[in-house]
Each structure stands twice: as C-alpha cells, then as structure tokens.
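Undergrad: Below are the structure tokens for one structure; questions will follow.
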Amino acid sequence: MAKAAEIAIAPDEPYRAAAARIVRVRARELVEQAGGVLDVRDIERVHDMRVASRRLRAVLEIFAPCFPPQEFGGVLRDVKQLADALGERRDPDVHIDALTAFALEVPPAARPGVRRLVAEQRDRQAHGNEVLAAELERVEHRGLRERLLALADAADPPTAP
Amino acid sequence: MKARAVAGLDPDGTLADNAERIVRVRLDELCSFMPRAADPAEVAALHDMRIAAKRLRYILELTAPCFGPYAEKAGRQAKEVQDLVGEIHDCDVQIPETEAFAARLLAEDAEALRAAAGDAPDLDPALLRTAPHAREHAGVAALLTHLRARRALLFGRFLALWDDLERKGFRARLEFAVAERPGDLHISQRR
C-alpha cells in the first residue's frame, strides 16, 4: 500500500498555512494514485487511491474554516463522491479476495456455492468499475485538482519567489 | 454520521490550538458511543463509533507532534479501534447480503421444483437433486455460519480492547496530552 507522505508541522505555525501546505500534498497524492486504477487485475491500485481520497477528505474537514465556504462545499462534495465511487469498486474486490480464500478452506461440497458468490461479486466489480470510470471522467471535467489547489491558495496565498 | 461541529476554530490562530479543540471534540464523540455500542444489537451505534474513531485517528496522525507524547500513541489506539470495528462492520454488511442471497436461491429452487412436479398430487423429494441450485446451498450456509461466528468473536475482542483502553486511561491521558506543547514537556515531567 502506498504510504502517505510525512508532513512536517510546527505547533506554532498558523492554522491556515498548515491547511494550504497539507491540502497541496494530499491533492497531489490523490492524483498520483489515479494511474491504472481501473485495472481489476491489480486491486491494490484502487485501494491506494481510496486511501488517498480518505486522507484528503479528512484534511479538508480538519481545515474547513480556512477555506472560502462556497468553493469548499463543492470541492468536498466532489471528493466524497469520488471516494464513494472508489468504494463501489473496492468492496467487491475485497469480497472476491476473501471468498476465494474461504473456498480453499471449506469442504469440496461447499465450494460450488462459494464460487457462485464469487461470480456475483465479479458482476458487482464490473459495475463498480463502470461507476468509477464515469466518476474519474467527471472529476477531470470539473477540474477537481485545480480547484483543490485554488482552495489551498485561498487559505494561504503562495509567496512570490 | 455527521461530525459534531467544533466551536471557536480560528484560521489565524496556531495549528496546535486549533487542533487541540478538534481533538477534544472528536475524542468526546468517540467515547460517547459507549456503553451503547457495547450492545451487540446496536449495529448503527458501532458503525458510527468506527467513523468517530477514524476522525480522531486522522487528526492525531496529522497533528500529534503538536502535543505531548501520548497523542501519537492515542492515534495508533484510535486506528486499532477503527480497524477492529471495521472488520465487524464488514460482517454486518455481508451477513444480510448473504442471507438475502440464500433466500433467493431457496426461492428459485422452490419455484423450479413446483414447476417440475407438474400435475403430481404431491412433491417427490427426489426432485431436489434436479433443483438448479442444489449444489450451492451448502457453501452459502457455510459462509453465513462463518460470518456470524466471526462477528461474535470480533465483537468480543472489541469489548476487551475498549475495556483495556479505559483501564489504561485513554481518554484522560489524551486530554492531558493535547494540553501539552512540545516545548512544555519539562513542565509536565515535573508534575
């Protein structure tokens, strides 16, 4: 699993400066995890992106008072919707893994039923992938990354070099 | 579950002072689910408690260096609660899904047997061998049994974990830690 970047913080730094810096890092991590996320042969990719989306959502909520309310509301909704779509794909991934392992442990007479459940989960996985593909396109179209960076800039404008 | 609002946050204040306010509210939120969530039938309370543990974990993972040393440990403990309750939640989602699946297979088989019986005056039990899902019931029942037993086992572990956290003063120690600042440690050590 991709580990979130350690972010150095200082207790005395302004809340809004920390907000800007941390949102920039977590937004970048989310975008970096998007590659190959629709490939069902490597289920860790969607897991990593889901974790990144949760971390981003958490920091948005922690630093909410630092952002312009109207822009913040729209960005948070989009991040939540993306996280939900990632969950639609991730849940069947986990069930397929668990059921496949379970099938190896049960008596042979019980395996056809478990295989039937795996087949059901494969259908859910395919549907989840369609939901996720559409959501990835939607957030791209809505410029989520750029809006996240704009939120960070609004909290604490970058200083000129 | 909607997070409880945190009063008095100030974007121009320090990170530590704002984070302290958030941690106090999130900690209170987490603890407020007990003892209700200790009832195995209170599935919704346990689910909300998992979300509260997640929120506390995330704020502590990010801001523990602002506080006394116990804050980092408390973040790991919140994660432990979140992970364990998450496993229970997975059972709570899968059990009704599997029950519904089993009921669907039974209903389809019953319908198929009724059709196969045609005009017979009674149902021949031998027809069961021809039921479309005849070979699948055992596996679904095995999974359901496994999930119910696993839920009970994990729930017992959750009660033991929470009891252990309480005995070790999780809440009081975290409340103390968030009032500390790294530069103040020599003061707390003298206490």
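Undergrad: Sort A:66, B:91 so that the residue with the fewest other Cβ atoms within 10 Å of its own Cβ comes first and the one with the most comes last.
TA: Ordered by Cβ neighbours within 10 Å, fewest first: B:91, A:66.
Undergrad: Write down the radius of gyration of the protein assembly as shown and its Dmax, each obtained from C-alpha positions, in Å.
TA: Computed over the Cα atoms of the protein assembly as shown, radius of gyration and Dmax are 24.7, 91 Å.
Undergrad: Which three semi-axes in whole Å describe the equivalent ellipsoid of segment A:3-81, each the square root of 5 times a Cα gyration tensor eigenvalue, listed largest first? List each step's numbers first, then the result.
TA: Details: eigenvalues 130, 49, 12 Å².
In descending order the semi-axes read 25, 16, 8 Å.
Undergrad: In addition: For residue A:109 and residue A:3 in one chain, what is 0.36 nm times their gap in residues minus the Cα-Cα distance, to one decimal in nm? Each step should come with its number before you reach the end.
TA: Numbers: separation 106, 0.36 × 106 = 38.16 nm, distance 4.13 nm.
Here the segment from residue A:109 to residue A:3 would lengthen by 34.0 nm.
Undergrad: Taking the Cα centre as origin and putting +1 on Lys and Arg beta-carbons and -1 on Asp and Glu beta-carbons, what dipole magnitude results for segment B:30-111, to the nearest 20 debye?
TA: 780 debye
Undergrad: What's the percent breakdown of Cα-Cα distances in segment A:15-155 across 5 Å bins, shortest bin first?
TA: Binned Cα distances yield the sequence 2, 10, 19, 18, 14, 11, 9, 7, 5, 3, 2, 1, 0.
Undergrad: Could you size up the charge dipole of the protein assembly as shown around its Cα centre, putting +1 on the beta carbon of Lys and Arg and -1 on that of Asp and Glu, and report it in debye to the nearest 20?
TA: Taking the Cα centre of the protein assembly as shown as origin, the dipole is about 820 debye.
Undergrad: Taking the simple approach of a point 7 Å from Cα along Cα-to-Cβ for both residue A:150 and residue B:150, what is their distance in nm?
TA: Placing both labels 7 Å along Cα→Cβ, they lie 4.5 nm apart.
Undergrad: Cα convex hull of segment B:1-142: how many Å³ per residue?
TA: Spelled out: Cα convex hull of segment B:1-142, divided by residues, is 154 Å³.
Undergrad: Putting +1 on Lys and Arg Cβ atoms and -1 on Asp and Glu Cβ atoms, find which of B:6, B:66, A:109 reaches farthest to the positive end of the dipole of the protein assembly as shown.
TA: Going by the Cα projections, it comes out as B:66.
Undergrad: How big is the shadow of the Cα convex hull of segment B:107-191, averaged over all directions, in nm²? Don't jump to the answer; show the numbers that get you there.
TA: Working: hull surface 41.6 nm².
Convex hull of Cα atoms, orientation-averaged projection: 10.4 nm².
Undergrad: Let me ask something else about it. Could you tell me how many degrees, from 0 to 90 and to the nearest 10, lie between the Cα long axis of helix A:69-105 and the main elongation axis, the longest principal axis, of the Cα atoms of chain A?
TA: That works out to roughly 20 degrees.
Undergrad: So for segment B:34-191, averaging the separation of alpha carbon pairs under 8 Å that are six or more residues apart and normalising by length, what relative contact order in percent results?
TA: Numbers: 121 pairs, mean separation 50.2, N = 158.
Reported relative contact order: 32 percent.
Undergrad: To continue, here is another question. From the C-alpha gyration tensor of segment A:36-82, pull out the three semi-axes of the equivalent ellipsoid (sqrt of 5λ each), sorted largest to smallest, in whole Å.
TA: So the three semi-axes of segment A:36-82 are 27, 10, 5 Å.
Undergrad: Taking each residue in B:18-25, count the Cβ atoms of any other chain within 10 Å of its Cβ, then average. What number comes out?
TA: 2
Undergrad: Can you spot the lysines whose alpha carbon is less than 28 Å from residue A:3's alpha carbon? Ignore those fewer than 8 places along the same chain.
TA: Within reach: A:80, B:2, B:54, B:73, B:79.
Undergrad: Further question: Report, in cubic angstrom per residue, the convex hull volume of the C-alpha atoms of segment A:59-114. Write down the numbers at each step before the final one.
TA: Details: hull volume 4.4 nm³, N = 56.
About 79 Å³ per residue, rounded to a whole number.
Undergrad: If you don't mind, another one. Can you pull the mean other chain C-beta count within 10 Å for peptide A:22-35?
TA: 0
Undergrad: Alpha carbon centre of segment A:55-102 versus segment B:28-69: separation in Å?
TA: One Cα centre to the other: 18 Å.
Only the coordinates and a few stated rules stand behind these numbers; no lab work does. Here the structure is a predicted model, which is why all the values come from computation and not from measurement. Cβ: placed from backbone, ideal geometry, glycine included. Neighbour counts: every protein chain shown.
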